[in-house]
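*Asks:* Quick one: structure below, then a few questions.
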């Protein structure tokens with residue numbers, strides 16, 4: 001079976017992908033996990049070998065596919081068509097903003113397709129409310145509206161800001177939420193990276209929110225931070241394993257690092 005998650009909202013796509021993986025692992029504790037990039041040499045072949053291979057532990061497997069947009073639509077269809085029906089192989093695709101021409105079969109039954117478009121209006125306010133509840137932050141309606149207006153389509157920045165609020169002062173009203181919450185004066189990229197190692201958690205969270213708002217590549221930030229923080233090499237190695245096993249992604253690893261200090 002194929003799960004096709006698409007749309008401009010990468011934050012909610014990632015969360016849904018992780019939820020699907022967690023649901024399948026709970027249902028089938030011995031399920032085998034694999035993650036493949038079709039942009040890498042031999043990526044399609046490695047994926048096929050894994051998906052069709054035999055395992056001593058389980059006949060069921062999860063395949064997370066990245067960068068399917070590098071394949072022409074015809075090749076992508078030939079590669080994936082055979083996995084629409086089989087129940088023992090779950091293929092999860094979640095890194096496309098839209099459906100490319102020729103790959104429309106991914107949004108039709110029997111594929112399981114879910115669209116994650118950018119939120120606005122009541123839907124965005126509802127998301128702010130649910131995210132705050134999940135993180136343990138108690139926001140007034142005014143605070144929810146101001147956060148929605150401040151971050152708009154930047155779900156990663158919004159999630160980071162709510163995480164900061166929950167860790168510092170979980171109860172926030174519109175009167176105490178000042179304009180510009182979560183922002184810092186303009187700073188160069190490298191000084192900001194150094195600020196991620198600050199002893200002050202609020203500073204670290206603010207910097208992470210700014211990096212997200214500027215759409216800095218989280219993979220680049222993660223790798224540079226890992227190289228510059230040799231004293232915590234073990235922690236970054238654990239993050240790397242979790243990322244490659246599908247338990248978290250780079251933005252989540254950065255947020256966890258920032259919160260843990």
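All of the numbers you see were taken from the coordinates with simple rules; none came from a lab. What you see is a predicted model, and the numbers here were worked out from it, not measured in a lab. Backbone-built Cβ (ideal geometry, glycine too); neighbour counts: all protein chains shown.
*Asks:* Name the shape class, rounded, prolate or oblate, that the alpha-carbon gyration tensor gives for segment 64-125, where a ≥ b ≥ c are the square roots of its eigenvalues, rounded holds for a/c under 1.5, and otherwise prolate holds if a/b is larger than b/c and oblate otherwise. Intermediate results must be reported in sequence, preceding the final value.
*Replies:* Numbers: a/c = 2.30, a/b = 1.67, b/c = 1.38.
Prolate.
*Asks:* How much length is gained if the chain between residue 232 and residue 260 is pulled fully straight, taking 0.36 nm per residue apart and subtracting their Cα-Cα distance, in nm to one decimal? Spell out each step's value before the answer.
*Replies:* On the way: separation 28, 0.36 × 28 = 10.08 nm, distance 1.14 nm.
Here the segment from residue 232 to residue 260 would lengthen by 8.9 nm.
*Asks:* Next question, about the same structure. Quick one: what do you get for segment 121-260 if you divide its Cα Rg by 2.2 N^0.38 Å? Provide the component values of the computation, followed by the final result.
*Replies:* Details: Rg = 15.2 Å, N = 140, 2.2 N^0.38 = 14.4 Å.
Here the Cα radius of gyration is 1.05 times the empirical estimate.
*Asks:* Translational D (Stokes-Einstein, µm²/s) of segment 4-82 at 4 °C and 1.567 mPa s when Rh comes from the Kirkwood sum over C-alpha pairs? Each step should come with its number before you reach the end.
*Replies:* Working: Rh = 13.8 Å.
In µm²/s, the coefficient is 94.
*Asks:* Ok, one more. Could you tell me what fraction of 2.2 N^0.38 Å the Cα radius of gyration of the chain comes to, as a two-decimal ratio?
*Replies:* Working: Rg = 20.0 Å, N = 261, 2.2 N^0.38 = 18.2 Å.
Taking the Cα Rg and dividing by 2.2 N^0.38 Å, one obtains 1.10.
*Asks:* For segment 15-163, what does the alpha-carbon gyration tensor say about shape, rounded, prolate or oblate, given a ≥ b ≥ c as the root eigenvalues, a/c under 1.5 as rounded, and a/b over b/c as prolate? Mind showing how you got there, number by number?
*Replies:* Working: a/c = 2.69, a/b = 1.81, b/c = 1.49.
It comes out prolate by the Cα gyration axes.
*Asks:* Rounded to the nearest 0.05, what FRET efficiency is calculated for residue 247 and residue 46 with R0 set to 35 Å and r the Cβ-Cβ distance?
*Replies:* Numbers: r = 20 Å, r/R0 = 0.58.
For residue 247 and residue 46, the calculated efficiency is 0.95.
*Asks:* If I take every Cα pair under 8 Å that is 6 or more residues apart in the chain, average their sequence separation and divide by the length, what percent do I get for the relative contact order?
*Replies:* Values: 362 pairs, mean separation 51.4, N = 261.
So the answer I get is 20 percent.
*Asks:* Treat each spin label as a single point 7 Å out from the Cα along the C-beta direction, and report the residue 198 to residue 39 distance in nm.
*Replies:* Here the answer is 3.2 nm between the modelled labels.
*Asks:* Does anyone have the angle between helix 121-135 and the longest principal axis of the chain? Alpha-carbon axes, 0 to 90°, nearest 10?
*Replies:* Helix 121-135 sits roughly 80 degrees off the main axis of the chain.
*Asks:* May I pose another question? With angles folded into 0 to 90 degrees, how steeply does helix 43-52 sit against the dominant principal axis of the chain? Use alpha carbons for both and round to 10.
*Replies:* The answer is roughly 70 degrees.
*Asks:* In whole percent, what relative contact order does segment 2-115 give with Cα contacts below 8 Å and a gap of six or more residues?
*Replies:* Working: 171 pairs, mean separation 47.1, N = 114.
Across segment 2-115, relative contact order equals 41 percent.
*Asks:* Please work out how much length the chain gains when fully extended from residue 101 to residue 23, using 0.36 nm per residue of separation minus the C-alpha to C-alpha distance, in nm with one decimal. Intermediate results must be reported in sequence, preceding the final value.
*Replies:* Working: separation 78, 0.36 × 78 = 28.08 nm, distance 3.07 nm.
Fully extending the segment from residue 101 to residue 23 adds 25.0 nm.
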